[in-house]
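The block underneath contains the structure these notes are about, expressed in structure tokens.
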Amino acid sequence: MRKNVTVVLTQGTGTRPFSLTLQGYAAQNYRNFEVVVVANTDFSLHLGDWYFKISICTGPELINYLQHSHSDYVIFADAYAIPRFDFVEEHIKNREEGYYLTGSRFFIQSTIWDQLNPNYIESGACFNKRFLQQQGLYSSVFGFRPLQPGIWSGILDRILPCLEFNFSNASLWKADFLSLAALGQWDDQYSRDRFYRNLGTLKKKSVKNNTFLMATSKDKNLKISVVVSTYNAEEWLEKVLIGYQHQTYTDFELIIADDGSRQSTKELIDRYAAAYPVPMRHLWHDDLGYRRQEILNVAIMEAHHEYIIMTDGDCIPRHDFVEIHALEAERGRFLSGGYCKLTMKTSKHISEQDIVNQNCFNVSWLKSIDKLGFSNTLKLGANPIIAKLLDFISPTTPSFNNCNSSGFREDMIAINGYDERMKYGGPDREFGERLENFGVKGKQIRHKAVVLHLDHPRGYKTPESLAANLAIRKEVRAKKIKWTPFGIKK
């Protein structure tokens with residue numbers, strides 16, 4: 001039978017994730033299609049036995065391939081994303097002359113992705129409401145989006161904003177694509193990076209609520225700079241560095257923002273940086289007293305990536321810490337995470353192995369060492385469903401706190417960073433209040449993204465600094481101040 005649809009899978013460089021993707025296409029209701037994987041020339045794949053034709057080509061070769069194919073419609077999809085059983089069918093049902101269709105993906109944690117197998121996909125169980133609820137994903141993924149296409153999904157696609165064309169989930173007539181390609185609207189970069197494009201000659205039509213693709217968080221392609229502030233605390237900082245060695249999400253750089261520590265701090269960082277799994281940099285300035293906000297502003301400007309997580313050198317991250325921030329990140333929001341304050345006895349007791357095997361995040365293990373408060377027990381003991389519920393009902397306002405918060409770098413620069421007049425006691429809260437005034441609202445993840453806060457003295461905390469900071473914050477709130485003249489730009 002002549003295949004009238006070509007499914008183009010972009011960014012095809014995986015092994016197991018890609019095989020799961022093919023299982024998803026093997027389970028499709030609509031079967032009159034072929035699959036083309038856009039990949040590098042050195043890409044190799046055990047094709048296996050599939051009822052559909054599958055080919056591999058590079059980005060520049062795609063146009064020539066489509067010119068000689070017998071299909072008349074093209075669907076672009078993420079090679080790492082598993083399609084629901086009706087994915088191809090819904091694109092075909094909704095196609096229309098003069099339009100391109102555009103949808104999206106939803107992301108799950110890599111630990112959940114690793115549970116998936118061909119049986120889950122073939123039966124459709126991975127899109128089943130019960131499975132998603134068990135993983136704490138149902139409400140976060142779908143919200144009020146329907147699980148099955150129908151009248152409600154069609155209404156949502158008409159009334160909600162429509163995405164631009166993207167190479168993760170979009171489709172159009174082959175003739176339109178070839179015409180656009182002739183005008184320079186296609187190259188290998190767009191296939192690999194899947195940028196959103198505005199195809200001005202065509203109208204756009206949303207199928208976001210009718211087509212579903214499930215992808216791992218690692219495929220979100222959000223590059224992150226993790227900024228860790230420190231000052232003369234090598235014992236605690238080493239435990240934090242071990243924590244970031246063992247993250248489930250690894251598309252990040254680690255920046256140590258050092259407020260003038262001694263030489264032994266540099267030696268510790270250099271020793272770890274020599275064989276660290278992600279890029280690590282050490283930013284330092286002279287010790288002229290408490291100037292953390294100044295070095296944090298330097299870190300914002302030195303960050304290589306679009307998204308920044310702010311944390312401290314006395315906060316051990318759980319293994320999914322960076323991944324949770326990556327999953328929850330969204331434009332127009334900053335994330336407010338949680339921390340669990342430990343006693344000095346517990347802080348001292350935690351070893352490298354306890355961090356590697358995650359014992360130190362186990363409630364029973366922690367209680368066997370020393371006391372653990374009720375709030376900390378809730379944060380550490382909550383499964384994904386309970387954590388989401390607790391974040392939803394929490395009476396705590398999502399504020400920016402330097403031990404566990406994140407946001408887009410451009411938003412931080414837009415408010416001119418931290419106010420460098422402020423000493424210990426609320427400069428991060430003031431930073432968040434100016435973000436709110438700028439239109440970037442807080443989002444609660446205090447029970448989802450957790451760090452262990454190691455105990456330490458606070459000799460730099462004075463009544464004078466607290467009073468001065470409160471006066472600055474009061475003015476910011478009263479006058480809705482967004483930009484500080486005492487920040488990055490003076």
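The values are calculated or read from the model by the stated rules, or taken from the named source; none is laboratory data. Nothing here was measured: the structure is a model prediction, and the numbers come from that model. Backbone-built Cβ (ideal geometry, glycine too); neighbour counts: all protein chains shown. Only protein heavy atoms, including side chains, enter the accessible area calculation; ligands, DNA and RNA are left aside. Shrake-Rupley method; radii C 1.70, N 1.55, O 1.52, S 1.80 Å.
Along each principal axis of its Cα atoms, how long is segment 349-422 end to end? Whole angstroms, biggest number first, please.
46, 32, 22
Would segment 263-344 count as rounded, prolate or oblate if I go by the C-alpha gyration tensor, calling it rounded below 1.5 in a/c and otherwise prolate when a/b exceeds b/c, oblate otherwise?
It is rounded, given that a/c, with a ≥ b ≥ c, falls under 1.5.
If the viscosity is 1.002 mPa s and the temperature 20 °C, what translational diffusion coefficient in µm²/s does Stokes-Einstein give for the chain when Rh comes from Kirkwood over Cα pairs?
Diffusion coefficient, whole number: 87 µm²/s.
Antiparallel versus total DSSP beta bridges in the chain: what percent is that, nearest 5?
30
Kindly rank 280-287, 236-243, 63-70, 297-304 from highest to lowest mean number of other beta carbons found within 10 Å of each residue.
Averaged packing, sorted descending, gives the order 236-243, 297-304, 280-287, 63-70.
By how many nm would the segment from Ser364 to Lys345 grow when fully extended, if each residue of separation counts as 0.36 nm and the alpha-carbon distance is taken off?
That works out to 5.3 nm of additional length.
Over the Cα atoms of segment 237-291, what radius of gyration and what Dmax do you get, in Å?
When restricted to the Cα atoms of segment 237-291, Rg and Dmax are 11.9, 37 Å.
Calculate, in whole percent, how much of the Cα-Cα pair population of segment 403-442 lies beyond 16 Å.
Distances greater than 16 Å cover 29 percent of the Cα pairs.
Against the 2.2 N^0.38 Å scaling, with N counting residues, where does segment 54-111 land? I'd like the Cα-based Rg ratio to two decimal places.
Against the compact-globule rule of thumb, the ratio is 1.35.
For segment 201-332, what relative contact order do you get, as a whole percent, if you take Cα pairs closer than 8 Å and at least 6 residues apart?
Answer for segment 201-332 is 37 percent.
At q = 0.08, 0.19, 0.20 Å⁻¹, what log₁₀ I(q)/I(0) does segment 326-483 have when each alpha carbon counts as one equal point scatterer in the Debye sum?
-0.28, -1.20, -1.25
Quote the relative contact order of the chain in percent (integer), defining contacts as alpha-carbon pairs under 8 Å separated by 6+ residues.
Relative contact order here is 14 percent.
Can you tell me the dipole magnitude for segment 376-431 around its Cα centre, using point charges on the Cβ only (Lys, Arg +1; Asp, Glu -1), in Debye to the nearest 20?
220
Can you give the charge dipole size of the chain about its Cα centre, rounded to the nearest 20 debye, using +1 on the beta carbon of Lys and Arg and -1 on the beta carbon of Asp and Glu?
1560
Compute log10 of I(q)/I(0) for segment 445-490 with the Debye formula, placing one identical point scatterer on every Cα and leaving out solvent, at q = 0.22, 0.23, 0.29 Å⁻¹, to two decimals.
Those come out to -0.91, -0.90, -0.96, one per q.
Give the carbon-plus-sulfur fraction of the accessible surface of the chain in %, rounded to a whole number; probe 1.4 Å, heavy atoms of protein chains only.
Answer for the chain is 53 percent, counting heavy atoms of protein chains only.
Counting other C-beta atoms within 10 Å, and keeping those with at most 14, which DSSP coil trypsin sites (Lys or Arg not before Pro) do you find in segment 449-479?
Qualifying residues, ordered by number: Arg458, Lys461.
Among 379-389, 213-223, how do they line up from the highest to the lowest mean number of other beta-carbon atoms within 10 Å?
Highest mean packing first, the order is 213-223, 379-389.
Return one whole number: the accessible area per residue of the chain in Å², for a 1.4 Å probe.
Solvent-accessible surface per residue comes out at 43 Å².
To the nearest 10 degrees, how steeply does helix 59-68 sit against the main Cα axis of the chain, on a 0 to 90 scale?
The two axes meet at around 20 degrees.
Taking the Cα centre of segment 323-422 as origin and charging only Cβ (+1 Lys, Arg; -1 Asp, Glu), how large is the dipole, in debye to the nearest 20?
The dipole magnitude comes to about 420 debye.
So for the chain, taking the charge dipole from beta-carbon charges (+1 Lys/Arg, -1 Asp/Glu), which of Met301, Leu156, Gln28 sits furthest toward the positive end?
Sorting the options by dipole projection puts first Leu156.
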